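See structure below.
The values are calculated or read from the model by the stated rules, or taken from the named source; none is laboratory data. In this text the structure is predicted, and so the values were computed from the model without any measurement. Here the Cβ positions follow ideal geometry from the backbone for every residue, glycine too, while neighbour counts run over all protein chains shown. Side chains included, ligands, DNA and RNA excluded: accessible areas come from the protein's heavy atoms. Shrake-Rupley method; radii C 1.70, N 1.55, O 1.52, S 1.80 Å.
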Amino acid sequence: MIYFDNSATTKPLDACVETYTKVATNYFANPSSLHRYGAKVSDLHEQARTLVAGMLSVSPEEVIFTSGGTESNNMAIKGIAGFYSNRGKHIITTAIEHPSVQNTMRYMETQGFEVTRLPVDASGVISVADLKNALREDTILVSVMHVNNEVGSVQPIAEIATLLEDREQTFFHVDHVQGLTKVALDMAGIDLVSVSGHKVHGLKGTGVLIKKKRVSLTPLLDGGGQEFGLRNGTENTAGAVAFAKALRIGLEDQRAHFTDLEAIRDYLLTALADIPEVSIHTDKKKAAPHICCFSVIGHRGEILVHALEEYEMYVSTTSACSSRAKLASSTLKAMKVTDEEAVGAVRVSLSYQNTMAEAQRFIEVIQVIIKNLNEVVK
């Protein structure tokens, strides 16, 4: 099997599964309990928080454990809107956000907020000048994803942070789900950062929202005051510890194997570009090292996905969170890609576990598939 759908989810590391099982089996007490056993679990939970904080260069009290990227994004956006609505009701985001942000923004509009969606260029990157022009006195939040989950485009986060540094009334949220362990992110100047465990070989149902000290949030759920009163409900200590382990291993892989990952992606883009029927949507000069998006002209993306399945190769049609709808990618449409190409888009997404040999085999197979599909059409 060749698994090239790592932006949808990654295979959990054996070490993370073992850690989760060990903690869940031996430290199952409620960390909020007053007895000694509960205190041991609470200590373990806080150790995980401290480890994650150190690896992400933030303070432990700025780490909120969540169930993943979707919850972290919702918590950041709705939390800011709920707490600071008296300052203003204007939010800025981009036209190519993940559905957990896009749909949250649509909900905020039903609650009386005005949302400005910044356009992107042909590479899927916004203009900082456009953002500057969109800022208003009543702008309370700017939410921009770091790495796009469909084409891999990397947004100018540092420049945005610099632009916003003197605007104390405007908070900056970054969806770093696809960038974690792949593209470095300087947390300075960012108020809120969302990450997810299952994108970095951790377990589903784990994640973190980084919330800087100056920021206050209205919690999504009321309850017993866990996670500094912001993520109420009994803590998933086993998940938190497993997330810390996945993050540590992922960052080690980034330091040791980043160039290998980039080389595999570059090979795929070059080899695909040599196929006459293929149109490339990922600009490697402006993209993360693990995502490659392309279309085969005249063929729908799901046809290619299912054809590749026959060879036990697994990719997706752009975002896994919306691919079942079989609609043209909103990201590609925002990049002015034609509808014909957009509905035919396929995303290859890599992890540090993938190899160049797998990429070479993929190119061999996709050429055979295209040849066969063209003969059927004729």
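A count restricted to the range 12-62 and to residues that are within 11 Å of T237 (Cα to Cα) and aliphatic (A, V, I, L, M) stands at 6. Reported count of residues in the range 220-248, each being among the β-branched types (V, I, T) and closer than 16 Å to N26 by Cβ, is 2. List pairs: first residue in the range 164-179 and closer than 25 Å to K286 by Cβ, second residue of a type in the set (K, R) and modelled with pLDDT of 95 or more anywhere in the structure, Cβ distance under 9 angstrom, at least six positions apart or on different chains. The qualifying pairs are V177/K199; Q178/K199. Of all residues in the range 6-32, those being part of a loop (DSSP other than H, G, I, E, B) and open to solvent by 40 Å² or more (accessible area, probe 1.4 Å) number 6. Counting only strands (runs of 3 or more DSSP E) wholly contained in the range 189-296, the ones carrying 1 or more residues that are open to solvent by less than 10 Å² (accessible area, probe 1.4 Å) and among the aromatic types (F, W, Y) occupy 291-296. Of the helices (runs of 4 or more DSSP H) lying entirely inside the range 51-167, those containing at least 2 residues that are on the phi < 0 side of the Ramachandran plot and among the hydroxyl-bearing types (S, T, Y) are 69-84, 99-110.
For the condition assigned by the TED database to the domain that holds L163 and open to solvent by 20 Å² or more (accessible area, probe 1.4 Å), what is the one hit in T93, T116? Reasoning before the result, please.
Working: T93 fails: open to solvent by 20 Å² or more (accessible area, probe 1.4 Å).
Matching residue, one of T93, T116: T116.
Residues in the range 356-378 that are of a type in the set (S, T, N, Q) and surrounded by fewer than 16 Cβ atoms within 10 Å (Cβ to Cβ): Q360, N372, N374. When the range 80-92 is filtered for residues that are closer than 13 Å to L192 by Cβ and not aliphatic (A, V, I, L, M), the ones remaining, listed by number, are F83, Y84.
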